[in-house]
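Chemist: Would you mind keeping the following structure in view while I ask a few things?
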Amino acid sequence: MYPGQIMPGQIWGWIIALYLFLAGMSAGAYTTAYLSQRLYPHLKVIRWSGYIVAPPLVIIGLVTLMIDAEAGFFHPWRFFFLYIGNPSSIMAIGVYILTLFTPLALYRAVVSLAEIWRDGGEKKWPLGLDRFFARPPEWLRWFVEGRGWIDFLGLVMAVATATYTALLIGNIHAVPFWNNSILPVLFVVSAFSTGIAITLFTATAWDPKVQEHYAPYLALSTSLKGLELFLLFALLYFSWYGDQAAKASTADLLWGRLALPFWILLVVLGLALPLRYELQERKHLLAGHVPALAASVPAGDKRPVDAGSLSPRLFATSQIMHLFAIVGGFVLRYLILLAGHFVYFLPTW
Amino acid sequence: MARYGMLIDLTKCAGCMACTVSCQLQNDLPPEVHFIKFYQQEYGTFPVVSLVNIPVQCQHCEKPPCVYNCPTGASYIADGGVVLLNESKCIGCKYCMTSCPYNARVLNEETHTPMKCIFCFDHVKEGEQPMCVQTCLGEARVFGDLDDPESELNKQINEKKARPLRPDLGTKPKIFYVW
Ligand code: SF4
């Protein structure tokens, strides 16, 4: 960085980080829910949690993005040019993707509500929703019954959303720390691991008993977190031995101005701690213990425990770990944005 | 149509920043906003060392990442290869600002859209020189048509072996520096 130069992180700050994080997490939650629906159809609460949190997350993300794009916020008709102005720009492609993903996610949330209503004994619901679910107009039947292929289309768009949020940053050649092939993979992996975290968090809050079935989810989530740590290491490693500007970014993160949040908030609290806890929880689950109670079971005691006697204190620990993982996803994006350095362009002798 | 470019001879630049100031007057910029930013670089090994002043503005790249990444088509390549911004299409996403390797764009706090050097497009259309070229006392700046082999610009580029900054980035900048 030269004196007087602005940093990429000053141009794109925490709002963009928040948006990238929310859009990625929404895509991850949808994917988790879809996988649940296919692989474990009996775990309804997990599926519903994922499908229901997905649309609000991406919508909040889009709103923050519009507020950040102030010129557009004050002249909303200009957003129209996003569709016709320059279709080859990654950001425009992202707009197309989100234009498909957001309604698909909303649609699946409505289908989930209908499922919940049916499951809950078809009681009376506000806004006349019960009547709508019971007797939808003929042309809106698909809206209540759900269609497998639409869910699948939603999955494709979810994956596209996660990928695009990663490529948006990865495509910036002016910032070598962002412009490499590891960063997009890291963002996508992080999108799915935060997606799992928010889904499990919501499902646990909804019905703590589903925790008994978390083993396969934790297997996926821990693998993703492990992969994330490895990718982070690879990103820093190649950046250090790469371009001068990327080297400066690495130094900033490892021992420079961002070292404290990097080590404490991201590596320890955001990744390592939840990873360790999830590994432990998974082990207990596989051993037949109820997760939240597991820690209170004396070592060596392998008797299955009654799910009804969950200890609230330990229940809270697993929820806090999910929250840590979620916040870690935001911190990851924010730190990577802040750590960006523009290429050095001055002549050298 | 011409293909406008510029040469900046760093060996002649005194670092007086008159170009920056005349550019600010020309474009009605507040004092803290510069289209021409001055950087300094040391070179040599002790005791034979020197310090150069390096003015950097929009390089009017032939393959401008700012234009390629702009999602609304607000940034575009105008006649003469000059890179301009159509404010009425700009949503202020600042993708061009992060995409520009030369840090050429600054944000207009009033309109919330980016701005940058426009090669004094209106003057150039009338056959005049850009303001920074007119102002430069040391005659360090030469403006002209890169497609015209007879132009003063091309002559000096060849004679002085002028090079663009970081051509390896592939943006094909049209400002050539002598150093
Ligand atoms: S120097 Fe920057 S703003 Fe100018 S054309 Fe090149 S990329 Fe665009």
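The values are calculated or read from the model by the stated rules, or taken from the named source; none is laboratory data. Everything quoted here is computed from the prediction, not taken from an experiment. Cβ coordinates were reconstructed from backbone atoms using ideal geometry, including for glycine residues, and neighbour counts include every protein chain displayed. The area values use the complete protein model at the heavy-atom level, side chains included, leaving out ligands, DNA and RNA. Shrake-Rupley method; radii C 1.70, N 1.55, O 1.52, S 1.80 Å.
Chemist: What number of residues in the stretch A:107-124 are among the aliphatic types (A, V, I, L, M) and either more than 24 Å from A:ALA23 (Cα to Cα) or open to solvent by 80 Å² or more (accessible area, probe 1.4 Å) (or both)?
Modeler: 2
Chemist: Could you figure out which of (1) more than 22 Å from A:PHE73 (Cβ to Cβ); (2) at the interface with chain A (Cβ under 7 Å from one of its Cβ atoms); (3) among the hydroxyl-bearing types (Ser, Thr, Tyr); (4) more than 15 Å from the ligand (Cβ to nearest atom) isn't true of B:THR111?
Modeler: (1)
Chemist: Which condition does B:GLY15 not pass, out of (1) more than 15 Å from the ligand (Cβ to nearest atom); (2) more than 14 Å from every other protein chain (Cβ to nearest Cβ); (3) on the phi > 0 side of the Ramachandran plot, if it passes all the others?
Modeler: In the conditions (1) more than 15 Å from the ligand (Cβ to nearest atom); (2) more than 14 Å from every other protein chain (Cβ to nearest Cβ); (3) on the phi > 0 side of the Ramachandran plot, B:GLY15 misses (2) alone.
Chemist: Quick check on the stretch A:223-239. Is at least one of its residues farther than 19 Å from A:LEU285 by Cα, open to solvent by less than 20 Å² (accessible area, probe 1.4 Å) and acidic (Asp, Glu)?
Modeler: Yes.
Chemist: Another one. I need the full set of residues from the stretch B:52-65 which are touching a helix residue (DSSP H, G or I) at 6+ places or on another chain (Cβ under 9 Å) and either acidic (Asp, Glu) or at the interface with chain A (Cβ under 9 Å from one of its Cβ atoms) (or both), in order please.
Modeler: B:GLU62, B:PRO65 - these are the residues of the stretch B:52-65 that are touching a helix residue (DSSP H, G or I) at 6+ places or on another chain (Cβ under 9 Å) and either acidic (Asp, Glu) or at the interface with chain A (Cβ under 9 Å from one of its Cβ atoms) (or both).
Chemist: Further question: Take the residues in the stretch B:76-108 that are in contact with a strand residue (DSSP E or B) (Cβ under 8 Å, 6 or more places away or on another chain) and hydroxyl-bearing (Ser, Thr, Tyr); name whichever of them is nearest to the ligand (Cβ to nearest atom).
Modeler: Selected residue: B:TYR102.
Chemist: Ok, one more. From the list A:ARG78, A:ARG47, which residue is over 29 Å from A:ASP151 (Cα atoms) and either more than 8 Å from chain B (Cβ to nearest Cβ) or among the basic types (Lys, Arg) (or both)?
Modeler: A:ARG78
Chemist: Any residue in the stretch B:151-168 that is away from chain A (no Cβ under 14 Å) and within 16 Å of the ligand (Cβ to nearest atom)?
Modeler: Scanning the stretch B:151-168, I find no residue that is away from chain A (no Cβ under 14 Å) and within 16 Å of the ligand (Cβ to nearest atom), so the answer is no.
Chemist: Quick one: count up the residues across the stretch A:14-27 that are within 16 Å of A:VAL331 (Cβ to Cβ) and open to solvent by less than 20 Å² (accessible area, probe 1.4 Å).
Modeler: Result for the stretch A:14-27: 8.
Chemist: For the stretch A:172-186, indicate whether the set of residues that are of a type in the set (Val, Ile, Thr) and in contact (Cβ under 8 Å) with a residue 60 or more places away in the chain is non-empty.
Modeler: Yes, there is a match, as at least one residue in the stretch A:172-186 is of a type in the set (Val, Ile, Thr) and in contact (Cβ under 8 Å) with a residue 60 or more places away in the chain.
Chemist: Search the stretch A:125-139 for residues being exposed (fewer than 11 other Cβ atoms within 10 Å of the Cβ) and in a helix (DSSP H, G or I), and hand back the single one that is modelled with the lowest pLDDT.
Modeler: Among those that are exposed (fewer than 11 other Cβ atoms within 10 Å of the Cβ) and in a helix (DSSP H, G or I), it is A:GLY128.
Chemist: Ok, one more. For the stretch B:141-179, which residues satisfy the criterion of being assigned to a loop (DSSP other than H, G, I, E, B), among the polar types (S, T, N, Q) and without any contact (Cβ under 8 Å) to a residue 60 or more places away in the chain?
Modeler: Residue satisfying the conditions is B:SER151 alone.
Chemist: Within the stretch B:108-134, which residues are outside any loop (DSSP other than H, G, I, E, B) and open to solvent by 40 Å² or more (accessible area, probe 1.4 Å)?
Modeler: B:ASP122, B:HIS123, B:LYS125, B:MET131, B:GLN134
Chemist: Yes or no: A:LYS225 modelled with pLDDT under 95 and outside any loop (DSSP other than H, G, I, E, B)?
Modeler: When the stated conditions are applied, A:LYS225 does not pass them.
Chemist: Considering only residues of the stretch B:18-41 that are open to solvent by 90 Å² or more (accessible area, probe 1.4 Å) and closer than 21 Å to A:ILE11 by Cα, which is nearest to the ligand (Cβ to nearest atom)?
Modeler: B:GLU32
Chemist: Right, here's the next one. Of the residues A:ALA205, A:ALA191, only one is touching a residue at least 24 places away in the same chain (Cβ under 8 Å) and under 27 Å from A:MET157 (Cα atoms); which?
Modeler: A:ALA191
Chemist: Within the stretch A:171-204, work out how many residues are open to solvent by 10 Å² or more (accessible area, probe 1.4 Å) and either within 14 Å of chain B (Cβ to nearest Cβ) or not hydrophobic (A, V, I, L, M, F, W, C) (or both).
Modeler: So the answer is 8.
Chemist: Among (1) modelled with pLDDT of 90 or more; (2) not in a helix (DSSP H, G or I), there is one condition A:VAL267 misses while meeting the rest; what is its number?
Modeler: (2)
Chemist: Say we look at the stretch B:59-75 and pick out the residues that are out of contact with any strand residue (DSSP E or B) (no Cβ under 6 Å at 6 or more places or on another chain) and hydroxyl-bearing (Ser, Thr, Tyr); which of these is farthest from the ligand (Cβ to nearest atom)?
Modeler: Per the criteria, the residue is B:THR72.
Chemist: Do we have B:GLY44 as more than 15 Å from the ligand (Cβ to nearest atom) and at the interface with another protein chain (Cβ under 9 Å from one of its Cβ atoms) here?
Modeler: yes
Chemist: Another question, then. Does the stretch A:15-44 hold any residues that are within 14 Å of chain B (Cβ to nearest Cβ) and among the aromatic types (Phe, Trp, Tyr), and which are they?
Modeler: A:TYR19
Chemist: Now for a separate question. I'm trying to understand the selection: among the residues of the stretch A:56-101, which are assigned to a loop (DSSP other than H, G, I, E, B) and among the small types (Gly, Ala, Ser)?
Modeler: Scanning the stretch A:56-101 gives A:ALA69, A:GLY85, A:SER88, A:SER89.
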